[in-house]
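Worksheet: the structure to be examined is printed underneath.
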Amino acid sequence: MAKESRLEILKGKDAGLQFRITGDRVLFGRANDVDVVVSDPVASRHHAELIRIGTSFLVKDLNSSNGVYVNGQKIIEHYLMPGDVFSIGDHSYRYIEVETKESAKSVPSGVGDGNTIPGISLGSLSSEINIPKAGGGMANKKRLIIYGVLGVFVILILVMLLSGDEPQKKKPEATEAKKDQTEAEATAELKEEKTKYLREIPEEDREVFESANQFYFEGRRELRLKNYSRALDLFRKALMLYPAHSKSNYYVKVTQEFMKQESEREMKLGRRMLEQKRYSEAIRHFDEVVNLNARELDSKIVKEAQKWRAIAEKERSRVIKE
């Protein structure tokens, strides 16, 4: 099973439709070079972006005039969880994650089916998406592709009507119910694991193992919430109580790898902001590297982040004095 990330348009042109996110970065705004054109007078030319972080996405405000809101709260950057809604002016988008057997198949109505531009897939959102107009021939080819997709969609609906089957109406997503279901499934899975482990532990060790297990399962929850430093601390506490706790030992390595990937991502973003002379944002990213590694402050990446933070702080102070 593969996980597919999508955005559903809640408000704005083509509200109710979805599209797949196929790239590592999606740019929103009014400019001609963005991936998703937001036709709203309050939107900035380069208003916001989605950046892939592991298997999820970070939504980030690009110093816009009117801000980006997630679930009604103004943000600078925010890790999206399934069901989160972010807004740019009067345009709102819901972030969705779905399990698919093959990412190119079984795509619901209104979702692009393989014709892509950087960042997102093309569907019936052609009027919202900026398509470069470098030459008449290329533009005509892209228009033909879009019309072809729409034509196939219309033909499928006609075939269903003629066969006596009405097309299924899109059901509104019960986001909260899905969240509750996911949490219940995760809890049931953890309980099943716990019972299985206890059967394998010698009777005399079960009391200590049970105490270690509490830290382990708390660590798993923190890891799902991407609280990596907290998760790592809990797994290590479990190992202190019961050194043979193989699951905790495994998840220490997993968490460290996630922290490494996240730290490297934040470091790259900080360096990029520094190159663009956006010093306050650069400092924020370097601070995030330090926060991610709060229990390993002597690590190489923390020292590197602190070095670049000092450079960004110095440059910011120089600009302020001028």
What distance in nm separates the simple spin-label points at residue 75 and residue 2, each placed 7 Å from Cα in the Cβ direction?
-> 2.6 nm
Residue 258 - accessible surface, heavy atoms, 1.4 Å probe, Å² rounded to 10 = 80 Å²
With every protein chain left in place, what is the accessible area per residue of segment 237-307 in square angstrom, probe 1.4 Å?
-> 57 Å²
Measuring from a point 7 Å past the Cα of residue 205 along Cα-to-C-beta, which residues in segment 222-263 have an amide N at less than 16 Å?
-> 238-250
On the protein heavy atoms, probe 1.4 angstrom, tell me the percent of accessible surface of segment 24-91 carried by carbon and sulfur.
-> 47 percent
Once phi is turned into ³J(HN,Hα) by the Karplus curve 6.51 cos²θ - 1.76 cosθ + 1.60 with θ = phi - 60°, what whole-Hz value does each residue of segment 59-76 show in order, with x for glycine and proline?
-> 9, 9, 7, 9, 6, 5, 6, 10, x, 10, 10, 10, 6, x, 10, 5, 10, 9
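How much accessible area per residue does segment 1-70 have, counting only protein heavy atoms and a probe of 1.4 Å, in square angstrom?
Values: 2780 Å² over 70 residues.
Heavy-atom SASA per residue in segment 1-70 reads 40 Å².
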Take the solvent-accessible surface of the protein heavy atoms, probe 1.4 Å, and return the percent of it on segment 234-318 that carbon and sulfur atoms account for.
-> 52 percent
Once the Cβ-Cβ distance between residue 318 and residue 275 is put in as r, and R0 is 25 Å, what FRET efficiency do you end up with, to the nearest 0.05?
-> 0.95
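Sort 42, 85 by heavy-atom solvent-accessible area, probe 1.4 angstrom, most to least.
Values: 42 55, 85 35 Å².
Of 42, 85, the descending order of accessible area is 42, 85.
The values are calculated or read from the model by the stated rules, or taken from the named source; none is laboratory data. What you are looking at is a predicted structure, and each value in this text was computed from that prediction instead of being measured. Ideal geometry is used to build each Cβ from the backbone, glycine not excepted, and the neighbour counts take in all protein chains shown. Remember, those area values only see protein heavy atoms, side chains included, never the ligands or the DNA or RNA. Shrake-Rupley method; radii C 1.70, N 1.55, O 1.52, S 1.80 Å.
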